[in-house]
1. If you check Leu171 against the conditions, is it out of contact with any strand residue (DSSP E or B) (no Cβ under 6 Å at 6 or more places or on another chain) and either within 19 Å of Ile236 (Cα to Cα) or surrounded by fewer than 17 Cβ atoms within 10 Å (Cβ to Cβ) (or both)?
2. Residue by residue through the range 127-142, note down the ones that are buried (at least 21 other Cβ atoms within 10 Å of the Cβ) and over 14 Å from the mean Cα position of the chain (by Cα).
3. Pick from the range 221-240 the residues that are in contact with a strand residue (DSSP E or B) (Cβ under 9 Å, 6 or more places away or on another chain) and among the hydrophobic types (A, V, I, L, M, F, W, C): which of them is surrounded by the most Cβ atoms within 10 Å (Cβ to Cβ)?
4. How about the range 93-141: which of its residues are assigned to a helix (DSSP H, G or I) and in contact (Cβ under 8 Å) with a residue 60 or more places away in the chain?
5. In this structure, does Asn200 turn out to be touching a Ser or Thr at 6+ places or on another chain (Cβ under 8 Å) and of a type outside the set (Ser, Thr, Tyr)?
6. Could you tell me which residue of the range 178-198 is nearest to Ser225 (Cα to Cα), considering only residues that are outside any strand (DSSP E or B) and aliphatic (A, V, I, L, M)?
7. Looking for something of a type in the set (Gly, Ala, Ser) and closer than 19 Å to Gly135 by Cα - is there at least one such residue anywhere in the range 30-51?
Amino acid sequence: MTALVARRALVTGGGGGIGSAICRRLAYAGHHVYVHALSSQGVAEALVQELKEQKLCAETVRFDVTEAASTRAALDKLLEHGPMQILVNNAAIHDDAVFPAMVDAQWRRVIDVSLHGFYHVTQALLLPMIRTRWGRIINVTSVAALKGNRGQVNYAAAKGAVNSATKALALEVATRGITVNAVAPGIIATPMTEGRFDANAIARLVPMERAGSAPEIAGVVAFLSSEEASYITGQIISVNGGMY
(Lines give C-alpha, C1' and ligand atoms only; values in the text may rest on other atoms or scores of the structure.)
Protein backbone atom coordinates (compact mmCIF):
# COMPACT_ATOMS: atom_id res chain seq x y z
CA MET A 1 0.00 0.00 0.00
CA THR A 2 1.45 3.37 -1.00
CA ALA A 3 0.29 6.66 0.47
CA LEU A 4 -0.85 9.24 -2.07
CA VAL A 5 0.27 11.90 0.41
CA ALA A 6 2.80 11.26 3.17
CA ARG A 7 1.38 12.39 6.50
CA ARG A 8 2.84 12.71 9.97
CA ALA A 9 1.38 10.02 12.21
CA LEU A 10 1.59 9.52 15.98
CA VAL A 11 0.83 6.13 17.51
CA THR A 12 0.63 6.12 21.30
CA GLY A 13 1.61 2.86 22.92
CA GLY A 14 3.64 2.14 19.81
CA GLY A 15 5.93 -0.28 21.61
CA GLY A 16 3.16 -2.77 22.36
CA GLY A 17 2.07 -5.70 20.22
CA ILE A 18 -0.83 -3.95 18.48
CA GLY A 19 0.92 -0.58 18.49
CA SER A 20 4.05 -1.95 16.79
CA ALA A 21 1.94 -3.55 14.06
CA ILE A 22 0.11 -0.26 13.48
CA CYS A 23 3.38 1.65 13.27
CA ARG A 24 4.67 -0.79 10.66
CA ARG A 25 1.57 -0.53 8.51
CA LEU A 26 1.54 3.27 8.59
CA ALA A 27 5.25 3.42 7.79
CA TYR A 28 4.79 0.96 4.91
CA ALA A 29 2.06 3.30 3.63
CA GLY A 30 4.67 6.05 3.35
CA HIS A 31 3.85 8.09 6.42
CA HIS A 32 6.36 9.56 8.87
CA VAL A 33 5.55 7.62 12.03
CA TYR A 34 6.23 8.78 15.57
CA VAL A 35 6.41 5.69 17.77
CA HIS A 36 5.34 6.71 21.27
CA ALA A 37 6.36 4.63 24.25
CA LEU A 38 7.00 5.04 27.95
CA SER A 39 7.96 1.79 29.70
CA SER A 40 8.65 0.01 26.39
CA GLN A 41 11.09 2.59 25.06
CA GLY A 42 13.67 -0.04 24.11
CA VAL A 43 11.12 -1.92 22.00
CA ALA A 44 10.11 1.33 20.30
CA GLU A 45 13.71 2.21 19.49
CA ALA A 46 14.31 -1.25 18.01
CA LEU A 47 11.18 -0.87 15.87
CA VAL A 48 12.31 2.53 14.58
CA GLN A 49 15.72 1.09 13.72
CA GLU A 50 14.03 -1.77 11.84
CA LEU A 51 11.92 0.68 9.84
CA LYS A 52 14.83 2.96 9.06
CA GLU A 53 16.80 -0.02 7.73
CA GLN A 54 13.95 -0.43 5.26
CA LYS A 55 14.31 3.24 4.23
CA LEU A 56 11.06 4.16 5.99
CA CYS A 57 10.46 7.26 8.10
CA ALA A 58 10.07 6.76 11.84
CA GLU A 59 11.28 8.13 15.16
CA THR A 60 10.52 7.61 18.82
CA VAL A 61 8.85 9.99 21.23
CA ARG A 62 8.55 9.45 24.98
CA PHE A 63 6.07 10.98 27.41
CA ASP A 64 3.51 9.85 29.99
CA VAL A 65 0.03 10.31 28.52
CA THR A 66 -1.41 10.64 32.03
CA GLU A 67 0.59 13.80 32.73
CA ALA A 68 -0.99 16.80 31.02
CA ALA A 69 1.93 19.23 31.20
CA SER A 70 4.67 16.87 29.99
CA THR A 71 2.43 15.50 27.24
CA ARG A 72 1.69 19.02 26.02
CA ALA A 73 5.39 19.94 26.09
CA ALA A 74 6.38 16.85 24.09
CA LEU A 75 3.63 17.39 21.52
CA ASP A 76 4.33 21.12 21.18
CA LYS A 77 7.89 20.16 20.25
CA LEU A 78 6.59 17.80 17.55
CA LEU A 79 4.22 20.47 16.26
CA GLU A 80 7.14 22.82 15.65
CA HIS A 81 7.81 20.70 12.56
CA GLY A 82 4.23 20.72 11.32
CA PRO A 83 0.77 19.38 12.23
CA MET A 84 0.07 15.77 13.06
CA GLN A 85 -2.64 14.56 10.67
CA ILE A 86 -2.94 10.92 11.76
CA LEU A 87 -3.37 10.08 15.42
CA VAL A 88 -3.82 6.58 16.78
CA ASN A 89 -4.69 6.56 20.47
CA ASN A 90 -3.53 3.08 21.39
CA ALA A 91 -1.87 3.49 24.80
CA ALA A 92 -3.61 1.42 27.47
CA ILE A 93 -2.96 -0.79 30.47
CA HIS A 94 -4.75 -3.62 32.24
CA ASP A 95 -4.95 -3.87 36.01
CA ASP A 96 -7.58 -6.53 36.52
CA ALA A 97 -9.50 -7.41 39.69
CA VAL A 98 -13.05 -8.36 40.49
CA PHE A 99 -14.86 -5.17 41.42
CA PRO A 100 -15.32 -5.79 45.19
CA ALA A 101 -11.57 -6.34 45.48
CA MET A 102 -10.50 -3.50 43.17
CA VAL A 103 -8.51 -0.78 44.90
CA ASP A 104 -8.58 2.91 44.13
CA ALA A 105 -5.18 2.87 42.42
CA GLN A 106 -6.27 0.15 39.97
CA TRP A 107 -9.36 2.10 38.99
CA ARG A 108 -7.61 5.44 38.59
CA ARG A 109 -4.53 4.23 36.71
CA VAL A 110 -6.51 2.39 34.04
CA ILE A 111 -8.85 5.36 33.59
CA ASP A 112 -5.88 7.75 33.51
CA VAL A 113 -4.06 5.97 30.70
CA SER A 114 -6.95 5.19 28.37
CA LEU A 115 -9.36 8.08 28.95
CA HIS A 116 -7.29 10.97 30.27
CA GLY A 117 -4.51 9.94 27.89
CA PHE A 118 -6.95 10.22 24.98
CA TYR A 119 -7.86 13.73 26.11
CA HIS A 120 -4.32 14.96 26.74
CA VAL A 121 -2.98 13.79 23.38
CA THR A 122 -5.97 14.48 21.13
CA GLN A 123 -6.76 17.91 22.52
CA ALA A 124 -3.17 19.06 22.06
CA LEU A 125 -3.05 17.99 18.41
CA LEU A 126 -6.55 18.87 17.27
CA LEU A 127 -6.40 22.58 16.38
CA PRO A 128 -3.32 22.24 14.12
CA MET A 129 -5.05 19.27 12.48
CA ILE A 130 -8.23 21.28 11.95
CA ARG A 131 -6.28 24.05 10.25
CA THR A 132 -5.11 21.59 7.57
CA ARG A 133 -8.72 20.46 6.98
CA TRP A 134 -7.58 16.83 6.86
CA GLY A 135 -7.15 14.39 9.68
CA ARG A 136 -7.67 10.86 10.92
CA ILE A 137 -8.14 10.01 14.59
CA ILE A 138 -8.41 6.32 15.41
CA ASN A 139 -8.96 5.18 18.98
CA VAL A 140 -8.12 1.58 19.84
CA THR A 141 -10.69 0.43 22.39
CA SER A 142 -11.85 -3.11 23.23
CA VAL A 143 -14.58 -5.70 22.99
CA ALA A 144 -14.71 -5.34 26.79
CA ALA A 145 -16.26 -1.90 26.29
CA LEU A 146 -19.07 -3.43 24.23
CA LYS A 147 -19.67 -6.75 25.97
CA GLY A 148 -18.13 -6.27 29.38
CA ASN A 149 -15.65 -8.68 30.91
CA ARG A 150 -15.35 -10.09 34.40
CA GLY A 151 -12.51 -8.54 36.34
CA GLN A 152 -12.25 -5.57 33.97
CA VAL A 153 -14.83 -3.07 35.16
CA ASN A 154 -12.15 -0.37 35.16
CA TYR A 155 -10.91 -1.25 31.65
CA ALA A 156 -14.44 -1.56 30.24
CA ALA A 157 -15.38 1.80 31.77
CA ALA A 158 -12.31 3.52 30.32
CA LYS A 159 -12.69 2.08 26.84
CA GLY A 160 -16.46 2.59 26.85
CA ALA A 161 -15.90 6.27 27.62
CA VAL A 162 -13.46 6.52 24.71
CA ASN A 163 -16.05 4.92 22.42
CA SER A 164 -18.56 7.59 23.45
CA ALA A 165 -15.97 10.36 23.05
CA THR A 166 -15.22 9.02 19.57
CA LYS A 167 -18.82 9.52 18.50
CA ALA A 168 -19.10 12.99 20.02
CA LEU A 169 -15.79 14.28 18.64
CA ALA A 170 -16.66 12.91 15.19
CA LEU A 171 -19.70 15.21 15.16
CA GLU A 172 -17.64 18.24 16.17
CA VAL A 173 -15.07 17.90 13.37
CA ALA A 174 -17.14 16.27 10.61
CA THR A 175 -17.13 19.41 8.46
CA ARG A 176 -13.38 19.94 8.87
CA GLY A 177 -12.16 16.99 6.82
CA ILE A 178 -11.36 15.00 9.96
CA THR A 179 -12.74 11.56 10.73
CA VAL A 180 -12.83 10.02 14.19
CA ASN A 181 -13.36 6.28 14.59
CA ALA A 182 -12.64 3.52 17.08
CA VAL A 183 -11.39 0.00 16.50
CA ALA A 184 -12.50 -2.47 19.17
CA PRO A 185 -10.30 -5.59 19.14
CA GLY A 186 -11.40 -8.89 20.61
CA ILE A 187 -8.92 -11.50 21.82
CA ILE A 188 -5.67 -10.64 20.06
CA ALA A 189 -2.48 -12.66 20.40
CA THR A 190 0.03 -10.20 21.87
CA PRO A 191 2.46 -10.27 24.80
CA MET A 192 -0.18 -8.41 26.87
CA THR A 193 -2.75 -11.20 26.43
CA GLU A 194 -0.33 -14.13 26.64
CA GLY A 195 -1.56 -16.64 29.21
CA ARG A 196 -4.93 -14.92 29.71
CA PHE A 197 -6.89 -17.26 27.42
CA ASP A 198 -6.21 -20.91 26.73
CA ALA A 199 -7.30 -22.68 23.53
CA ASN A 200 -10.50 -23.98 25.10
CA ALA A 201 -11.53 -20.53 26.29
CA ILE A 202 -10.86 -19.02 22.87
CA ALA A 203 -12.89 -21.75 21.15
CA ARG A 204 -15.76 -21.09 23.55
CA LEU A 205 -15.72 -17.30 23.27
CA VAL A 206 -14.79 -16.71 19.62
CA PRO A 207 -16.91 -18.11 16.76
CA MET A 208 -13.79 -18.32 14.56
CA GLU A 209 -12.17 -20.38 17.35
CA ARG A 210 -8.87 -18.52 17.21
CA ALA A 211 -7.27 -15.38 18.53
CA GLY A 212 -6.78 -12.48 16.17
CA SER A 213 -3.40 -11.09 15.23
CA ALA A 214 -1.96 -7.62 15.67
CA PRO A 215 -1.55 -7.16 11.87
CA GLU A 216 -5.29 -7.80 11.49
CA ILE A 217 -5.97 -4.84 13.77
CA ALA A 218 -3.31 -2.75 12.03
CA GLY A 219 -4.89 -3.37 8.65
CA VAL A 220 -8.19 -1.86 9.79
CA VAL A 221 -6.41 1.11 11.37
CA ALA A 222 -4.41 1.67 8.17
CA PHE A 223 -7.60 1.68 6.11
CA LEU A 224 -9.29 4.17 8.45
CA SER A 225 -6.18 6.36 8.11
CA SER A 226 -6.43 6.42 4.33
CA GLU A 227 -8.16 8.62 1.76
CA GLU A 228 -10.50 5.72 0.96
CA ALA A 229 -12.06 5.96 4.43
CA SER A 230 -13.00 9.63 4.10
CA TYR A 231 -16.76 8.96 4.50
CA ILE A 232 -16.45 6.77 7.61
CA THR A 233 -16.66 8.62 10.90
CA GLY A 234 -18.12 8.16 14.36
CA GLN A 235 -17.97 4.38 14.06
CA ILE A 236 -16.92 1.66 16.51
CA ILE A 237 -15.52 -1.13 14.33
CA SER A 238 -15.26 -4.50 16.04
CA VAL A 239 -12.44 -6.82 14.97
CA ASN A 240 -13.15 -9.86 17.10
CA GLY A 241 -13.75 -13.02 15.09
CA GLY A 242 -17.52 -12.80 15.44
CA MET A 243 -17.92 -12.21 19.18
CA TYR A 244 -21.27 -10.65 20.08
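The values are calculated or read from the model by the stated rules, or taken from the named source; none is laboratory data. Treat the numbers as computed from the prediction; the structure is a model and nothing was measured. Here Cβ is always computed from backbone atoms with ideal geometry, including for glycine, and neighbour counts include all displayed protein chains.
1. Details: out of contact with any strand residue (DSSP E or B) (no Cβ under 6 Å at 6 or more places or on another chain): yes; either within 19 Å of Ile236 (Cα to Cα) or surrounded by fewer than 17 Cβ atoms within 10 Å (Cβ to Cβ) (or both): yes.
Considered against the rule, which asks whether it is out of contact with any strand residue (DSSP E or B) (no Cβ under 6 Å at 6 or more places or on another chain) and either within 19 Å of Ile236 (Cα to Cα) or surrounded by fewer than 17 Cβ atoms within 10 Å (Cβ to Cβ) (or both), Leu171 comes out as yes.
2. Within the range 127-142, Met129, Gly135 meet the criteria.
3. So the residue we want is Val221.
4. First pass over the range 93-141, keeping only residues assigned to a helix (DSSP H, G or I): 99-101, 104-132.
Correct list: Gly117, Val121, Leu125.
5. Values: touching a Ser or Thr at 6+ places or on another chain (Cβ under 8 Å): no; of a type outside the set (Ser, Thr, Tyr): yes.
So Asn200 does not fit the description; no.
6. If we filter the range 178-198 for residues that are outside any strand (DSSP E or B), which is where we start, we get 186-187, 190-198.
Subset that is aliphatic (A, V, I, L, M): 187, 192.
Numbers: Ile187: 23, Met192: 25 Å.
Restricting to residues being outside any strand (DSSP E or B) and aliphatic (A, V, I, L, M), the top hit is Ile187.
7. Kept after step one, since they are of a type in the set (Gly, Ala, Ser), are these residues of the range 30-51: 30, 37, 39-40, 42, 44, 46.
Checking which are closer than 19 Å to Gly135 by Cα leaves us with 30.
Yes; the residues of the range 30-51 include at least one that is of a type in the set (Gly, Ala, Ser) and closer than 19 Å to Gly135 by Cα.
Results for (1) closer than 22 Å to Gly151 by Cα; (2) among the aliphatic types (A, V, I, L, M), shown as yes or no for each residue.
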{"site": "Leu75", "(1), (2)": "no, yes"}
{"site": "Glu80", "(1), (2)": "no, no"}
{"site": "Ala91", "(1), (2)": "yes, yes"}
{"site": "His94", "(1), (2)": "yes, no"}
{"site": "Ala101", "(1), (2)": "yes, yes"}
{"site": "Asp112", "(1), (2)": "yes, no"}
